[in-house]
Amino acid sequence: MKRYILYSNGCYLNRIDTKRIEIFLKKNGYTLSDNLRDSDIIIFNTCAYCKEMEDECIKFLENIQRLKTKKSKLIIAGCLPVINKKRLLANFRGPYFNPLSMDSLVEFIGAKHKEIDTIPTAQPILTDDNTFNQKPQKIFAIRISYGCLNRCSFCAVKNVFPKLHSKDKKEILEQFLGGLKSGYKTFLLTGEDTSCYGKDTGTDLTELLMDIVKIKSEFNIYLYRLNPDGLLKMGKDFLNVLKSKKIKYLSIPINSGSNRILSLMNRNYKAEEIKNYIKKLKKLYPFIRLNLDIMVGFPTETWKDFQDTQRFVCETKPDNIRVFKFSKRPNTPAYYLGRLIPKSTMQKRSNILYKTFRFIKYK
Ligand code: SF4
């Protein structure tokens, strides 16, 4: 019996792909192994959106290569092969593929059943413990699109998904109904930027949501990676679809409260625009939980820029925040920006933001 072991250190999109790889291996007669040394195939589905995750990948890769036996075939998947191929090849000489070349796995394992691309990008996954202010729970995650329409200066993920590709609305609705039939009540809709869904296929996110909330059943929708510029463009239409009370959680990457930094990040919105939109949304729909993703330490970020971000959190009163520290990513415009912020300052600003958030949340 051929055996496999799978590792993943990435986001919900990475975990959907890990599930798909697992289904593919099982279709080809593999069974799960609980031991690295006893595995014929070892697949590590990597994340490298920031330097910290990339370092974690390389360290883990070194450990796997040290511990595995000669018979085990190690294959690297995910975003690292695109985001920093040079560093990967400096540490690994085996087969690798990325999220847009999953079909390479067919050749790597000499698969009989070759249809990996038909395995749905909609899978049950376990949530992280802090994301939704709840205990980890099994939810049904649906990727609704690949890529985006932006070119944010710090973003390496753009190099993995250079173009926007929205899934067909019918396919998403079928996957949603399939999840309901399997008994799921909580659905996560995600992508690199869900706010630009359908812009390449003549529809948009609001139309998709309108079709989903019409489904006669009890369920909750969590919307991930709602980029502010796309959200502002949807404007009232998006606010109207929230009347359905089926959308219970929104995650918005505002990144900064400083217009100077937003412009250097090449983000296409002003802080006050999205701040006012969020305030209106929260006033209209207090039952919706809101997470804000924020980046601290972008090159040249001054104390005043940081205070703009702190004020943004105070004025919008989110239910949750996630703070990321800037790191230089290969082949991104921000890689060449000077005046980097010291790591200790980034850590201090991250701590201050979480303290501010807790203060306004629990005062
Ligand atoms: S919207 Fe910006 S941060 Fe998000 S995937 Fe696109 S380029 Fe990257």
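Okay, here's what the table says:
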{"read-out": "For segment 284-356 and segment 154-225, distance of Cα centres in Å", "value": "27"}
{"read-out": "Intensity falloff of segment 223-363 expressed as log10 I(q)/I(0), Debye formula with alpha-carbon point scatterers, at q = 0.09, 0.13, 0.18, 0.20 Å⁻¹", "value": "-0.27, -0.56, -1.03, -1.22"}
{"read-out": "J(HN,Hα) series, segment 302-311, from Karplus relation 6.51 cos²θ - 1.76 cosθ + 1.60, nearest Hz, glycine and proline x", "value": "8, 4, 5, 4, 5, 5, 4, 5, 4, 5"}
{"read-out": "Translational D in µm²/s for segment 3-109 (Stokes-Einstein at 37 °C, 0.692 mPa s, Kirkwood Rh from C-alpha pairs)", "value": "239"}
{"read-out": "Point-charge dipole on Cβ atoms (K/R +1, D/E -1) for the chain, about Cα centre, debye to 20", "value": "780"}
{"read-out": "Dimensionless Rg ratio for the chain, taking C-alpha atoms and the 2.2 N^0.38 Å reference", "value": "1.01"}
{"read-out": "Set 214/270; 59/328; 185/214 screened for pairs whose C-alpha atoms are more than 23 Å apart", "value": "214/270"}
{"read-out": "Heavy-atom surface of the chain, accessible at 1.4 Å and reported per residue (Å²)", "value": "46"}
{"read-out": "Under 5 Å, built H, 5+ apart or other chain: amide partners of residue 116", "value": "none"}
{"read-out": "Sparsely packed chymotrypsin sites (Phe, Trp or Tyr not before Pro) within segment 190-299, loop by DSSP, other Cβ within 10 Å at most 12", "value": "287"}
{"read-out": "In Å², nearest 10: area of residue 165 left accessible to a 1.4 Å probe", "value": "100"}
{"read-out": "Long-range HN-HN contacts of residue 258 with modeled amide H, under 5 Å", "value": "309"}
{"read-out": "Accessible carbon and sulfur surface of segment 1-154 relative to its total accessible area, %, 1.4 Å", "value": "54"}
{"read-out": "Per the chain, cysteines lacking a partner by the 4.7 Å Cβ criterion", "value": "11, 47, 50, 57, 79, 148, 196, 314"}
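The values are calculated or read from the model by the stated rules, or taken from the named source; none is laboratory data. Since the structure is predicted, the reported quantities are computational estimates derived from the model, not experimental observations. Every residue, glycine as well, gets a Cβ built from its backbone with ideal geometry; the counts of neighbours run over all protein chains shown. Just so you know, the surface numbers come from the protein's heavy atoms only, side chains and all, with ligands and any DNA or RNA stripped out. Shrake-Rupley method; radii C 1.70, N 1.55, O 1.52, S 1.80 Å.
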